[in-house]
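Enquirer: Quick one: this structure, given as structure tokens, is what I'll be asking you about.
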Amino acid sequence: MLSCDICGETVTSEPDMKAHLLIVHMENEVICPFCKLSGVNYDEMCFHIETAHFEQNELERSFARINTIQIRTSDNRKDNTLQCRMEVNSGVHSACASNHPKISAQSLPNDGTLKHKAFYSENLTESRKFLKSKEKEYDPSKIKGSIYETTYSPPECPFCGRIEDCSQDMENHVKTKHADLLDTPSEDHDQPLYDCPMCGLICTNYHILQEHVDLHLEESNFGQGIDRVQCSRDLELAHQLQQEEDRKRRSEESRQEMGEFQKLQRQYGLDNSGGYKQQQLRNMEIEVNRGRMHPSEFHRRKADMMESLAIGIDDGKTRTSGIIEALYRYYQNAATDVRRVWLSTGVDHFHSSFGDKGWGCGYRNFQMLLSSLLQNDAYDDCLKGMSIPCIPKIQSMIEDAWKEGFDPQGASQLNNRLQGTKAWIGACEVYTLLTSLRVKCRIVDFHKSTGPLGTHPRLFEWILNYYSSEREGSPKVVCTSKPPIYLQHQGHSRTVVGIEERKNRTLCLLIFDPGCPSREMQKLLKQDMEASNLKQLRKFVGNLKHKQYQIVAVEGVLSSEEKVARRQASQVFTAEKIP
């Protein structure tokens with residue numbers, strides 16, 4: 001009987017004493033197999049080995065997949081192998097565990113087998129020799145039936161399932177066939193090294209190198225992602241700035257267009273600022289305020305205007321008659337530099353008044369043309385009983401022509417309304433009004449210059465042919481039966497009442513301008529009229545340089561059928577173009 005010196009417990013044999021000492025008094029003594037660290041529990045020791053001895057533990061970690069420790073018995077060298085499952089209560093194996101420097105009781109699992117993860121050996125050969133010595137010391141036949149229980153099974157490869165005769169053969173098989181899985185360095189030759197192509201880091205395994213390079217790529221992709229995000233933000237900011245700039249530009253263009261449109265509306269009398277009546281009263285009030293008109297004169301003119309508007313007939317205050325007759329006398333007695341001259345039938349001159357100044361030239365030229373037609377007996381049938389209408393009445397007559405179906409496009413451009421506005425009229429509106437009155441006329445468009453320096457000699461030739469069919473043998477002054485010609489160009493219109501052929505073969509138009517006041521026109525009525533007085537009438541080729549000219553020439557009277565045909569033709573308005 002043996003007695004424990006520490007606690008006094010008695011045991012029957014020395015192996016039992018060793019097992020007692022190991023289990024009772026040394027189970028908390030866990031020693032690191034690499035650096036001999038002790039004084040910690042099992043969990044702390046596992047953490048220490050995993051963190052401090054990771055590289056040294058690489059090989060042992062791979063072999064830990066083998067669940068049992070296999071030893072070859074000394075007396076049985078046949079195909080049977082001995083696999084020992086050592087239990088904590090066994091005496092012999094407990095002694096082995098207590099004597100082995102790398103094994104402790106705390107390292108054993110609950111089932112007593114040597115499967116513990118903390119079993120790490122610095123030298124597998126030394127451990128193998130230690131187990132072989134214990135194998136010789138204890139006979140398996142004596143162990144059977146005691147507290148030790150031994151089972152026999154051939155070792156099996158944990159990687160491929162191959163079965164070997166003994167543990168030594170299994171170890172050689174694992175090292176040779178599964179060395180890449182164990183990642184153990186070779187003792188026969190130097191281990192190959194792998195350089196990182198991106199940073200130069202040397203790796204001992206290409207798997208590690210691949211993971212390392214993948215980290216580089218992830219960092220690169222992350223950086224590129226940041227760059228792409230920044231680039232996307234820059235593009236978004238640039239897009240927002242461009243949109244803001246475009247918005248401001250469109251706003252500015254819209255404002256300028258609106259300003260130009262309003263300016264055109266004011267210029268052409270479509271700004272809803274009133275018509276002839278409102279402008280007449282407003283301008284007369286200004287004259288009174290400036291002392292140029294007596295208040296009594298203001299009220300007298302206002303009364304005359306209201307009467308004229310009520311009956312629709314012009315009051316005649318801007319009218320000058322007898323000019324054509326005065327011109328005939330002048331050319332008969334003077335004008336030695338003129339070879340021939342052709343004059344239209346009698347025409348009265350009408351100039352602008354307070355009510356239509358700045359926009360009424362088209363209406364005044366129509367009044368001049370109509371005054372000539374009313375003096376021509378050929379037009380009595382279509383103009384019977386008509387007097388010279390006032391401007392608001394002319395506006396009403398054009399609106400009536402639109403209602404009949406003449407020139408729908410022109411009507412839409414002027415919003416189908418002229419009365420109460422200061423809207424300008426041109427050649428198309430004069431043609432529409434004359435046609436609705438059954439006066440035969442046509443529009444000729446001289447749409448581009450036909451001479452040097454932007455002149456229009458073809459215009460002069462056409463007017464000469466209109467007034468004269470045979471120039472040779474005719475007298476110097478010819479009073480024709482032709483009405484005057486309505487002449488339109490950009491921003492203004494006038495009336496052609498004749499044409500001169502000078503001795504140097506040049507042509508000169510005689511033109512009535514509604515912008516010329518009555519006091520100037522009345523100078524032409526004097527008996528001693530001088531050539532200088534004709535300066536306001538004469539227009540040579542070099543004086544007409546507008547880009548485009550349109551004329552309305554009267555040619556006779558329309559029948560009812562012709563009027564209907566021309567109304568249909570005006571649905572798509574066309575003009576004769578020269579050239």
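Enquirer: Among the GluC sites (Glu not before Pro) in the stretch 461-562, which ones are in a DSSP loop with at most 13 other Cβ atoms within 10 Å of the Cβ? Mind listing them?
Expert: Sparse-neighbourhood loop GluC sites (Glu not before Pro): Glu470, Glu472, Glu530.
Enquirer: Val338 accessible area, nearest 10 Å², 1.4 Å probe?
Expert: So the heavy atoms of Val338 present about 0 Å² to solvent.
Enquirer: Also, I was wondering about something else. Any chance you could list P(r) for the stretch 316-577, counting all Cα-Cα pairs in 5 angstrom bins from zero, rounded to whole %?
Expert: 1, 6, 13, 17, 19, 18, 13, 8, 4, 2, 0
Enquirer: With a point put 7 Å past each Cα toward its Cβ, work out how far Gln522 is from Ser481 in nm, to one decimal.
Expert: Those two pseudo-labels are separated by 3.5 nm.
Enquirer: Say the cut-off is 26 Å between C-alpha atoms; which of Lys317/Lys523; Lys357/Lys577; Lys384/Lys482 go over it?
Expert: Too far apart for the 26 Å limit: Lys357/Lys577.
Enquirer: Rounded to the nearest whole Å³, what is the per residue volume of the convex hull around the Cα atoms of the stretch 245-312?
Expert: 100 Å³
Enquirer: Follow-up question, since we're still on this one. Can you give me the convex hull volume of the Cα atoms of the stretch 481-569, divided per residue and expressed in Å³? All intermediate terms of the calculation are to be shown ahead of the outcome.
Expert: On the way: hull volume 15.0 nm³, N = 89.
Dividing the Cα hull volume of the stretch 481-569 by its residues yields 169 Å³.
Enquirer: Report the Cα centroid-to-centroid distance between the stretch 332-372 and the stretch 392-471 in angstrom, as an integer.
Expert: 16 Å
Enquirer: Which value, in Å², gives the accessible area per residue of the stretch 316-577 when a 1.4 Å probe is used on the protein heavy atoms?
Expert: Value for the stretch 316-577: 43 Å² per residue.
Enquirer: For Arg494, Arg247, write out the residues from largest to smallest accessible area, computed with a 1.4 angstrom probe and no ligands counted.
Expert: The residues order as Arg247, Arg494, largest area first.
Enquirer: Continuing with this model, one more query. Percent of accessible area on the stretch 316-577 owned by carbon and sulfur, 1.4 Å probe?
Expert: Carbon with sulfur: 46 percent of the solvent-accessible area.
Enquirer: Something else: Normalise the Cα radius of gyration of the stretch 213-332 by 2.2 N^0.38 Å (N = residues in it) and let me know the number.
Expert: The stretch 213-332 yields a ratio of 2.62.
Enquirer: May I pose another question? Compute the distance in nm between two label points, each set 7 Å from the Cα along the Cα-to-Cβ direction, one at Glu253 and one at Leu217.
Expert: 5.0 nm
Enquirer: Starting from the residue with the highest accessible area, list Met386, Met293 in decreasing order, probe 1.4 Å.
Expert: Met386, Met293
The values are calculated or read from the model by the stated rules, or taken from the named source; none is laboratory data. None of these values were measured; they are calculated from a predicted model. Ideal geometry is used to build each Cβ from the backbone, glycine not excepted, and the neighbour counts take in all protein chains shown. Just the protein is used for accessible areas: all its heavy atoms, side chains included, with ligands, DNA and RNA removed. Shrake-Rupley method; radii C 1.70, N 1.55, O 1.52, S 1.80 Å.
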